[in-house]
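The values are calculated or read from the model by the stated rules, or taken from the named source; none is laboratory data. It should be emphasised that the depicted structure is a prediction, and the values quoted were computed from it without experimental measurement. Note: ideal-geometry Cβ built from the backbone for every residue, glycine included; neighbour counts use all protein chains shown.
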Amino acid sequence: MNDVITTILNHRSIRHFEDKPLTDEQIETIVACAQAAATSSFIQAYSIIGVKDKEKKKRLAELTGNQEYVEKNGHFFVFCADLYRHTIMGEKQQKNVTPSLESTEKFMVALIDTSLAAQNAAIAAESLGLGICYIGGIRNNLEMVKELLNIPDRVIPLFGLAVGYPSHITDKKPRLPLEHVYHEDEYEQDMDLYYSQLDKYDQLISNYYDARTNGQRKDRWSEQIVSMLSKQTRMYMKEFIQKNKLDIR
């Protein structure tokens, strides 16, 4: 097993960081690695906003649900799906690119491009001995995030990435078994097998929480996720996306 695979397999979310900023060289390396990710048709439909300003980080922490590690980290990145530059390019060349930019396909391209870039950045950071934590809470109140970071239309902040020097290392959280995720030739739909795999994973996760919390928590994964999905959150997203001139058609 090589160092890259070891780094990937050792991933865990870090939520406690030392009070030590990343260097400009580290930031530039992480961004360069993000840019090295695959991009659909070379469209490069994303931007990354690095937040150093302490007051802005504090406000972002509030907007994401008072997550302390959004404020206290080595550096905070905001990954944005970005079709704004493509709008400007179209205007400059006097060509109508609006129907394409307002299509569901290009919206999906922007989401995929951004996600690929972010994962490259995450792996790069971890390979440097840093810890990372994705922050989906950025989407709790996108209007205020856009205002805070001066973000134009056709740009959507998708998630944050807190990066820094870990002050506390958590245990790895077990993932679904490979045979439940990986299918060959067709999607496996044997329900007896499906339920059996879920039951085994539920018990694995329950044991993980039990050991991690000294018996204070014994959640089963499927119950945890169904409970989460039964509560409607961020239901304003479609309206927000359309308001920002994306995914209209």
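Tallying residues that are in contact with a Pro (Cβ under 7 Å, 6 or more places away or on another chain) and among the aromatic types (Phe, Trp, Tyr) within region 50-83 yields 0.
Only one of the listed residues (204, 158) is closer than 30 Å to residue 60 by Cβ, in contact (Cβ under 8 Å) with a residue 24 or more places away in the chain and surrounded by 10 or more Cβ atoms within 10 Å (Cβ to Cβ). That residue is 158.
Residue-wise test of (1) closer than 22 Å to residue 147 by Cβ; (2) of a type in the set (A, V, I, L, M, F, W, C).
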position: 5; (1), (2): no, yes
position: 13; (1), (2): no, no
position: 18; (1), (2): no, no
position: 22; (1), (2): no, yes
position: 47; (1), (2): yes, no
position: 57; (1), (2): yes, no
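Of the residues in region 223-241, not one is modelled with pLDDT under 90, under 24 Å from residue 136 (Cβ atoms) and either part of a loop (DSSP other than H, G, I, E, B) or touching a strand residue (DSSP E or B) at 6+ places or on another chain (Cβ under 6 Å) (or both). Applying the condition of being among the β-branched types (Val, Ile, Thr) and outside any loop (DSSP other than H, G, I, E, B) to region 12-64 and asking which residue is surrounded by the most Cβ atoms within 10 Å (Cβ to Cβ) yields 30. For region 107-123, the criterion of being in contact with a strand residue (DSSP E or B) (Cβ under 7 Å, 6 or more places away or on another chain), over 29 Å from residue 239 (Cβ atoms) and among the hydroxyl-bearing types (Ser, Thr, Tyr) is met by no residue. Per this entry, residue 194 is not counted among residues that are within 29 Å of residue 72 (Cα to Cα) and in contact (Cβ under 8 Å) with a residue 12 or more places away in the chain.
Taking the criterion of being of a type in the set (D, E, K, R) and buried (at least 18 other Cβ atoms within 10 Å of the Cβ), the residues of region 138-155 that qualify are 139, 146, 154. Condition test on residue 90, is it touching a strand residue (DSSP E or B) at 6+ places or on another chain (Cβ under 6 Å) and either assigned to a helix (DSSP H, G or I) or under 30 Å from residue 245 (Cβ atoms) (or both)? Spelling it out, it is not the case that residue 90 is touching a strand residue (DSSP E or B) at 6+ places or on another chain (Cβ under 6 Å) and either assigned to a helix (DSSP H, G or I) or under 30 Å from residue 245 (Cβ atoms) (or both).
Regarding residue 115, is this residue more than 12 Å from residue 160 (Cα to Cα), surrounded by fewer than 18 Cβ atoms within 10 Å (Cβ to Cβ) and in the same structural domain as residue 165 (by TED's automatic domain parsing)? No; evaluated as a whole, the condition is false for this residue. Within region 55-67, identify whether any single residue is closer than 26 Å to residue 163 by Cβ, small (Gly, Ala, Ser), touching an Asp or Glu at 6+ places or on another chain (Cβ under 6 Å) and in the same structural domain as residue 124 (by TED's automatic domain parsing), and answer yes or no. Checked against the condition, which is being closer than 26 Å to residue 163 by Cβ, small (Gly, Ala, Ser), touching an Asp or Glu at 6+ places or on another chain (Cβ under 6 Å) and in the same structural domain as residue 124 (by TED's automatic domain parsing), region 55-67 yields at least one hit. Take the conditions (1) at positive phi; (2) touching a Gly at 6+ places or on another chain (Cβ under 9 Å); residue 154 misses just one of them, which is (2).
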